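The structure under discussion appears below in the form of structure tokens.
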Amino acid sequence: MSARPLVLVVDDDDDLRELLGVLLATEGVEVASAANGLEALSAIAARRPDLILLDMKMPVMDGWELCRRLDADGGRPPILVMTAAFDPAARAAEVRADGWIGKPFENEEIRSMVRSIVARRASRSS
Amino acid sequence: MHTGAGGDRERERVLLELAKRDKRDLAQSLRAITEAASVVLAVARASVWRLARPDGALVCEELYLRGERRHERGSTLFQRDYPAYFAALLESRAISADDARTDPRTREFGPGYLEPLGITSMLDVPIWHDGALYGVLCCEHVGPQRRWRSDEETIAGNLSDLVSLSIEAAERHAAEMRWRTVVESIGDAVFVLDANGGITQANAAARALVARGGGSASLREWVKLAEYRDRAGRVLPISDWPTARALRGETVHGEILHLRSATIPDELSFRVTCSPVRDGDRIVGSVGVYTDVSEEMHLEELQRELLAALAHELKTPVAITKGYAQHLESLDVQPAWRPMLRAIDRAAGRMERLIDDLVDVSVLRLGRLALHREPIDLSALVSGVVERFARSAPGRQLRVEAQQPAPVFADRPRVEQALRRLIDNAARYSPDESAIEISVTVGEHDVLCAVRDAGIGIPADRQRHLFELFYRAHAGTPHDVGGLGVGLFLAREIAVRHGGALWFESTEGEGSTFFLRLPRADADADAGASESAS
């Protein structure tokens, strides 16, 4: 039943989370969402995602802290940093993310990135 | 005989005392000299007169009346009334007039001056200063006529020289005081250090700074109290302190340093200029000027935070607008809606570019374009940028021809940013169906990246302004796609700061090619590093 890969969208903006849910619906993935790092931690505890789309600046717990916690808890799923920062590559490097995408993005851009990361993971696990 | 053997000794003593006096106050010096002159030359009146130009008058600066033990000043003698005397001042070493009332040089003083005052003999010595006649030292005898001896003339000459020395000392002192006032009133801390790093002079701001830092008189003690960091936060060893560098002959220009000390609660930031002080070939010390820019740095930090927050807050809504417009357009919507959705998408794209430009301008203004260079392969970097671009503009034809490896020593995000700008521009100003060609060629000294489009080109009359900040070549034309006109300025700035260049060739209606040249990193030294970095 839950054979479809899970993508966890972590962003404090409700509308953006919803948009990503809509956009990724065509990609054959299941989309879960969390409004901050803390919510993400409990979501991850419930079911480990195959990919995290991570905003960095968030209230309660930001992206940096979430990554620290995940590393401390022994490993993390692939992370795609999704940021409006001036230098997204630098943000991604700070948390040793698997990739980054600047906000705003083109729909096709984010779809194809999600597609390729999920496909890589699927081929590795099969 | 006015003096004897005892008088000679007395004379020596008086002259020696005069020579030893502090000469900074000219009025005091003149009082002492005139008193001494009246005593050693045994005259009733001794005075110093200053030549006032341009009216050609002698103004009495100091007159000592020995009999009355009284000083006076202020009388004036005009050249037009005493032409022979004025002429003699310029021509003689001394005017030694035994009979002043008949001497051709002084007799013009007779009825109006000498007779009423009872003066019979005059011994006047011109005072020269700085190559010009300053005035005259007058020794006037009252009573039976005198015959001036040559030793008396010598003494009068010595006294005149003393006046000259006193003037010089007073002028030097006044200049020093003026300069000290200037330096003291400067808000920046000014230090003069000797070759051992001991503070020899410090103005009020500098003294206050030292006091704040815990108070110390030498660099060696200061080292124990304070810690300097550079802009990158690195603690500077004492050999890298501006003073130490200046003592090695280097001039430090406006570098930012951060100071920490146990007695200063907050970190202070300074813009420092420091130069060696030379004595011939030898470096004998250093002068340092420390401008407190802590407030400025704090504001800059706030501005940076504000900017980041603003960009973040603006970009998220744009992302949502753009995302839904693109999504809806891809659905089975009413045909009439499609152009509207495309318009929303385009408008969001314009806003995105404006925000990017705004951020870039602010980054430039904040002087944050500091490079963090590492060995990278430009070809790999170009491929990454192209790949990313291809994802955001599917269907756009991009041809890449890149020689590998293309080693450069560069700041990865900055070079990426420059390339992105060039590719964006090529796409923006050329038809969707035309290809964009990107090439990377490795030369002996440089690596050259070219971005070629078959677009509208740049009108010849606008080409020379293309790299100006806020210049938009297509403003007011149907090709105007918005923005603030900072992209190319920034891209060139990035190239130049890497020691490279950015230029273009363009023909209106045929297209443009932009060239980004970066110095090639030493292939041997960087081969391994560039491999691991790519």
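If you check B:Gly443, B:Gly395 for being of a type in the set (Gly, Ala, Ser), farther than 23 Å from A:Ala92 by Cα, within 14 Å of another protein chain (Cβ to nearest Cβ) and surrounded by fewer than 22 Cβ atoms within 10 Å (Cβ to Cβ), only one passes: B:Gly395.
For region A:7-30: of the residues being within 10 Å of the chain's Cα centre (by Cα) and within 14 Å of chain B (Cβ to nearest Cβ), which is surrounded by the most Cβ atoms within 10 Å (Cβ to Cβ)?
The residue in question is A:Val10.
Tallying residues that are touching a residue at least 40 places away in the same chain (Cβ under 8 Å), in a loop (DSSP other than H, G, I, E, B) and buried (at least 18 other Cβ atoms within 10 Å of the Cβ) within region A:58-72 yields 1. The residue pairs whose first member lies in region B:21-46 and is in contact (Cβ under 8 Å) with a residue 24 or more places away in the chain, whose second member is part of a loop (DSSP other than H, G, I, E, B), and whose beta carbons are closer than 6 Å, counting only pairs six or more residues apart or on different chains, are B:Ser29/B:Lys23; B:Ser38/B:Arg66; B:Ala42/B:His2; B:Ala44/B:Arg66; B:Ala44/B:Gly67. Filtering B:Arg31, B:Arg9, B:Arg24 for residues that are assigned to a helix (DSSP H, G or I), among the charged types (D, E, K, R) and surrounded by 13 or more Cβ atoms within 10 Å (Cβ to Cβ) leaves a single hit, B:Arg31.
Scanning region B:104-129 for residues that are surrounded by 20 or more Cβ atoms within 10 Å (Cβ to Cβ) and either of a type in the set (D, E, K, R) or in contact with a Cys (Cβ under 6 Å, 6 or more places away or on another chain) (or both) yields B:Arg105, B:Leu123, B:Asp124.
The helices (runs of 4 or more DSSP H) falling completely within region B:183-289 that include 1 or more residues that are within 28 Å of B:His372 (Cα to Cα) and of a type in the set (A, V, I, L, M, F, W, C) map to B:242-247. Checked against (1) modelled with pLDDT of 85 or more; (2) surrounded by fewer than 18 Cβ atoms within 10 Å (Cβ to Cβ); (3) within 21 Å of B:Gly187 (Cβ to Cβ), B:Gly254 passes all but a single condition, namely (1). Comparison of B:Ala495, B:Ala475 shows that the only residue that is assigned to a helix (DSSP H, G or I) and either within 36 Å of the chain's Cα centre (by Cα) or over 19 Å from B:Leu381 (Cα atoms) (or both) is B:Ala495. Close Cβ contacts (under 7 Å, 6 or more residues apart or on different chains) running from residues in region A:96-117 that are more than 7 Å from every other protein chain (Cβ to nearest Cβ) and assigned to a strand (DSSP E or B) to residues that are surrounded by 17 or more Cβ atoms within 10 Å (Cβ to Cβ) and polar (S, T, N, Q) comprise A:Trp100/A:Thr83; A:Gly102/A:Thr83. Mind counting the residues in region A:57-95 that are more than 14 Å from chain B (Cβ to nearest Cβ) and closer than 13 Å to A:Ala34 by Cα? Selection size over region A:57-95: 3. Say whether the condition of being in contact (Cβ under 8 Å) with a residue 24 or more places away in the chain and within 30 Å of B:Ser96 (Cβ to Cβ) is met by at least one residue in region B:169-186. The answer is yes; a qualifying residue exists.
For the residues B:Ala418, B:Ala390, the requirement of being in a helix (DSSP H, G or I), within 14 Å of another protein chain (Cβ to nearest Cβ), free of Cβ contacts under 8 Å to residues at least 12 places away in the same chain and out of contact with any Phe, Trp or Tyr (no Cβ under 7 Å at 6 or more places or on another chain) singles out B:Ala390.
Within the group A:Gly99, A:Gly37, which residue is of a type outside the set (D, E, K, R) and within 12 Å of A:Asp11 (Cβ to Cβ)?
Going through A:Gly99, A:Gly37 in turn, the sole match is A:Gly37.
One residue stands out among those in region A:45-56 that are touching a residue at least 40 places away in the same chain (Cβ under 8 Å) and in a loop (DSSP other than H, G, I, E, B): the one that is nearest to the other protein chains (Cβ to nearest Cβ), which is A:Asp55. If I ask for residues that are within 18 Å of B:Asp55 (Cβ to Cβ), among the polar types (S, T, N, Q) and surrounded by 13 or more Cβ atoms within 10 Å (Cβ to Cβ), which ones from region B:76-103 would you list? Selection gives B:Gln79 alone. Taking first residues from region B:320-334 that are more than 7 Å from chain A (Cβ to nearest Cβ) and partners that are surrounded by 14 or more Cβ atoms within 10 Å (Cβ to Cβ), the Cβ contacts under 6 Å between residues at least 6 apart in sequence or on separate chains come to B:Thr321/B:Ala348; B:Ala325/B:Leu341; B:Ala325/B:Ile344; B:Ala325/B:Asp345; B:Leu328/B:Leu341; B:Glu329/B:Leu341. Any residue at all in region A:49-61 that's at pLDDT below 85 and of a type outside the set (D, E, K, R)? The answer is no, given that none of the residues of region A:49-61 is at pLDDT below 85 and of a type outside the set (D, E, K, R).
Residues checked against (1) among the small types (Gly, Ala, Ser); (2) under 28 Å from B:Val415 (Cα atoms); (3) surrounded by 14 or more Cβ atoms within 10 Å (Cβ to Cβ); (4) more than 14 Å from every other protein chain (Cβ to nearest Cβ):
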{"residue": "B:Arg271", "(1), (2), (3), (4)": "no, no, yes, yes"}
{"residue": "B:Val293", "(1), (2), (3), (4)": "no, no, yes, yes"}
{"residue": "B:Met297", "(1), (2), (3), (4)": "no, yes, yes, yes"}
{"residue": "B:His312", "(1), (2), (3), (4)": "no, yes, yes, no"}
{"residue": "B:Ala336", "(1), (2), (3), (4)": "yes, no, no, yes"}
{"residue": "B:Ala343", "(1), (2), (3), (4)": "yes, no, no, yes"}
{"residue": "B:Glu352", "(1), (2), (3), (4)": "no, yes, yes, no"}
{"residue": "B:Val359", "(1), (2), (3), (4)": "no, yes, yes, no"}
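Selection of region B:111-162 for residues being farther than 23 Å from B:Arg101 by Cα and among the small types (Gly, Ala, Ser) yields B:Gly131, B:Ala132, B:Ser160. Has region B:431-442 got at least one residue that is over 17 Å from B:Asp356 (Cα atoms) and touching a Phe, Trp or Tyr at 6+ places or on another chain (Cβ under 8 Å)? No; the residues of region B:431-442 include none that is over 17 Å from B:Asp356 (Cα atoms) and touching a Phe, Trp or Tyr at 6+ places or on another chain (Cβ under 8 Å).
So that you can scan it fast, the table gives a plain yes or no per residue for (1) under 13 Å from B:Leu193 (Cβ atoms); (2) out of contact with any Gly (no Cβ under 7 Å at 6 or more places or on another chain); (3) charged (D, E, K, R); (4) touching a residue at least 24 places away in the same chain (Cβ under 8 Å):
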residue	(1), (2), (3), (4)
B:Arg260	no, yes, yes, yes
B:Ile264	no, no, no, yes
B:Pro276	yes, no, no, yes
B:Tyr290	yes, yes, no, yes
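For region A:73-92, the set of residues classified as under 15 Å from the mean Cα position of the chain (by Cα), surrounded by fewer than 19 Cβ atoms within 10 Å (Cβ to Cβ) and within 28 Å of B:Thr321 (Cα to Cα) consists of A:Pro78 only.
The values are calculated or read from the model by the stated rules, or taken from the named source; none is laboratory data. Being a predicted model, the structure only gives us computed values, none of them experimental. Backbone-built Cβ (ideal geometry, glycine too); neighbour counts: all protein chains shown.
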